[in-house]
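Student: This structure is in structure tokens; I'll ask about it shortly.
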Amino acid sequence: MTSQTNGLESLARPSRRNFLKKLLNGCALMVSLPYFKTTRAWANARAVPVLSGTEFDLTIANTPVNITGTERIATTINGTVPGPTLHWREGDTVTLRVKNLLTKETSLHWHGIILPYQMDGAPRISFNGIAPGETFTYHFKVQQSGTYWYHSHSEMQEQTGLYGAIVIEPAKPESIKVDRDYVVLLSDWTDEDPMAVFAKLKKESAYYNLNQLTIVDLFKDIVEEGLPQAIEKRHMWNMMRMNPTDLSDISASTYTYLLNGHASADNWLGLFKPGEKIRLRFINASAQSFFDVRIPGLKMTVVAADGQNVDPVSVDEFRIGLAETYDVILSPEQTAYTLFAQSMDRTGCVHGTLATQPGLSAAIPKLDKPVPLTMEDMMGAMDHDMAGMDHAMAGMDHSNMTSEQTSQMDHRLHDMAGMSGAVTNKKPVQVHHANTEFGASVDMRVDTPRTNLDDPGVGLRNNGRRVLTYADLHTLGGSPDNRPVSREIELHLTGNMQRYTWSFDGVEYNEAKPIHFRYGERLRVILSNDTMMAHPVHLHGMWSDLESPDGQFQVRKHTIIVQPAQRITFLVSVDALGRWPWHCHLFYHMHAGMFREVVVS
């Protein structure tokens, strides 16, 4: 999955003035566009097309678009970004003829859909890709219902617009009755060539980080903590070559955030009548952005996660990771509400309106302040004697430090951990590190990761709102497979921020061997995150049954977010023969090497 970079643009850093101007002006409109014709319209000029039935003709082409005031080329499906919303019915057999009008190979992957591996749409793994000028026919039976999505698995096409929503009607009558049903597809757009973005990250991983600490932040810390402690904290992070503000690789300095292809300035509108019940189907189709979603003044009842119905849970806010989907039910009482989704790094947002009639609006929240990572996010769980800290220290690169400096940092880390509130009296879980983790592609290892699922994540902790966590999610009906586990596999999510390399167990995809699953087995997968970034991990072709920390079935998902310094486990019923991708769904992490092939035989 590695890519070559040539002909790259200048690495001139984006100015804060342009960034602020972009925030104030919002993001320009992305609407449905006919092939090879630039269209720029205003709010809700055209909705995302909806295609229903069992046979579909989809054409992939390059289309000029104007989102930010500058014309760029998008990769479109039937001329639109996002592509058409596809409505299927559980039990039907669908046929999708995909024609490629690009000059390069393309593909479509049906994310979270259970199907034969030859129909999965991953070039070089499940099929050969769709060559220029050719048409490939996908043909499979729909075996599930709920909210899903589709996207390209070729080169950088997902970042340039090649994605769309899927809504599958259940074979039996829907148990949840609603008056309105809306797809809310969130995504990110950049006017830059994605290869240029990737090259900048490889040269300087913090290039797009607008939250980096400044002298002003130092003065604030001095006032709040005192001079010695403020200096000690800065020195600790510098010696570890880590950045507590490293929340997202790419920010609103280049990204424009979209809601159903609309930017905030266009104010996407979802109409309703007083007394109606509304279903919103949230999909995170972005390349690199986590979103924190809320509708001020309105509770949301989460009823489905990744297409699977769950016990209803009422929340004020939820974080939706890349490739995840959540269905929520609303019962609005006022005439207008703001649908608000802010990026995890708090550099930007996108918002729309739910209202009883056009022209109405509600107050738009301010962006929350960015919250830096804590010692818990770096080290995971640490028992009272701080042994976990000592182990974690051993996994860091101290090549340029003297033994005295290392010892000094040990003491600073112990002090900082006590301040962070990360220390717990619960004995942490010990993990095993593969020999391949001890190399240049890994700049951090966590020996005592935390295992809790009740953490909403950095920036959402104790914010005064009821925030969804994985601990709240319980698939209706419990576990679909109660067989005992026959085997375990442990993998670590690894990386080196300075080099911008990402991997499993310190091995990037181009150097990795396939992982073998045995057909028919009930497998436990252990994932430990040895990095300071959250990773959405997606296994193609099979469900991932997330377990609670005590080993009980929690929720069935197709994409699982593993938070920094966290260890999670999930079970897989290996019921799909063939070859399947397994990767981080952060787009640039996948292309930088956090990708494996799974062979089921």
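Every number here is computed from the coordinates shown, using simple stated rules; none is lab data. Treat the numbers as computed from the prediction; the structure is a model and nothing was measured. Methodologically, a virtual Cβ is constructed for each residue, glycine included, from the backbone with ideal geometry; neighbour enumeration extends over all protein chains shown.
Student: Roughly what % of DSSP beta bridges within region 31-171 run antiparallel, to the nearest 5?
Tutor: 65
Student: Considering amide H positions built from the backbone, and no H for Pro or chain starts, which residues 5 or more places from ARG124, or on another chain, come under 5 Å of its amide H?
Tutor: GLY129
Student: Here's something else I'd like to know. Please express the Cα-Cα pair-distance distribution P(r) of region 470-600 as a list of whole percents, one per 5 Å bin, running from 0 to the bin with the greatest distance.
Tutor: 2, 11, 21, 24, 20, 13, 6, 2, 0, 0
Student: Quickly rank 337-344, 520-527 as a protection proxy: mean count of other C-beta atoms within 10 Å, highest first.
Tutor: The most tightly packed comes first, giving 337-344, 520-527.
Student: Cβ neighbours within 10 Å, averaged per peptide: list 543-553, 572-582 in order, most packed at the top.
Tutor: With the highest mean Cβ count within 10 Å placed first, the list reads 572-582, 543-553.
Student: Then there is this: What does the charge count around ARG97 come to, taking other residues whose C-beta lies under 14 Å from its C-beta (Lys +1, Arg +1, Asp -1, Glu -1)?
Tutor: -2
Student: HN-Hα J couplings of region 490-495 from phi, Karplus 6.51/-1.76/1.60, θ = phi - 60°, integer Hz, Gly and Pro as x?
Tutor: 10, 10, 10, 8, 10, x
Student: Which pairs, out of LYS273/LYS366; LYS513/LYS557; LYS177/LYS277; LYS141/LYS177; LYS277/LYS557; LYS172/LYS273, put more than 19 Å between their alpha-carbon atoms?
Tutor: Those over the limit are LYS273/LYS366; LYS513/LYS557; LYS141/LYS177; LYS277/LYS557; LYS172/LYS273.
Student: Can you compute the charge dipole magnitude of region 31-171 about its Cα centre, using +1 on each Lys and Arg Cβ and -1 on each Asp and Glu Cβ, nothing else charged? Give it in debye, rounded to the nearest 20.
Tutor: Computed charge dipole of region 31-171: roughly 340 debye.
Student: Next question. Tally Lys/Arg at +1 and Asp/Glu at -1 over every other residue whose Cβ is under 12 Å from the Cβ of ASP57; what's the total?
Tutor: Numbers: positive: ARG97, LYS99; negative: GLU55.
Summing Lys/Arg as +1 and Asp/Glu as -1 gives +1.
Student: Another question, if that's okay. Quick one: divide the alpha-carbon radius of gyration of region 472-526 by 2.2 N^0.38 Å and tell me what you get.
Tutor: Rounded to two decimals, the normalised Rg is 1.58.
Student: To continue, here is another question. On a C-alpha basis, how far is the centre of region 445-462 from the centre of region 507-532 in Å? Whole number, if you could?
Tutor: About 22 Å separates the Cα centre of region 445-462 from the one of region 507-532.
Student: Convert each backbone phi in region 187-192 into a coupling constant with the Karplus relation 6.51 cos²θ - 1.76 cosθ + 1.60 (shift: θ = phi - 60°), then list the ³J(HN,Hα) values in order as whole Hz, x for Gly and Pro.
Tutor: Result, rounded to whole Hz: 7, 10, 10, 10, 6, 6.
Student: Something else: For MET300, what is the net charge nearby, where nearby means another residue's Cβ is under 9 Å from its Cβ and Lys, Arg count +1, Asp, Glu -1? Walk me through the numbers on the way to the answer.
Tutor: Numbers: positive: ARG294, LYS299; negative: ASP316, GLU317.
Computed value for this residue: 0.
Student: Go through LEU527, HIS591, LEU491 and say which Cα lies farthest out towards the positive end of the charge dipole of region 470-600; charges sit on Cβ, +1 for Lys and Arg, -1 for Asp and Glu.
Tutor: HIS591
Student: Give the Rg/Rh ratio for region 31-171, taking Rg as the radius of gyration of the Cα atoms and Rh as the Kirkwood radius, to two decimals.
Tutor: My calculation puts Rg/Rh at 0.97.
Student: Using unit Cβ charges (K, R positive; D, E negative) and no other charged atoms, how large, in debye to the nearest 20, is the dipole of region 470-600 about its Cα centre?
Tutor: The dipole magnitude comes to about 200 debye.
Student: If you don't mind, another one. Order of 70-79, 104-113, 352-361 by packing, highest average Cβ count within 10 Å first?
Tutor: Ranking the peptides 70-79, 104-113, 352-361 by packing returns 104-113, 70-79, 352-361.
Student: Next up: Residue-wise, which Karplus ³J(HN,Hα) couplings in Hz belong to region 139-146, taking 6.51 cos²θ - 1.76 cosθ + 1.60, θ = phi - 60°, and x for glycine or proline?
Tutor: 8, 7, 8, 7, 10, 8, 9, x
Student: Once amide H atoms are placed 1.01 Å from N in the peptide plane, what residues at a sequence separation of 5 or more from ASP447, or on another chain, have their amide H within under 5 Å of its amide H?
Tutor: Long-range HN contacts for ASP447: ALA392.
Student: In whole Å, how far is the Cα centre of region 340-364 from that of region 94-155?
Tutor: 33
Student: Could I ask something else about it? Taking amide hydrogens as modeled 1.01 Å from N in the peptide plane, which residues meet the under 5 Å criterion relative to ASP246, leaving out close sequence neighbours?
Tutor: Residues meeting the amide H criterion: LEU373.
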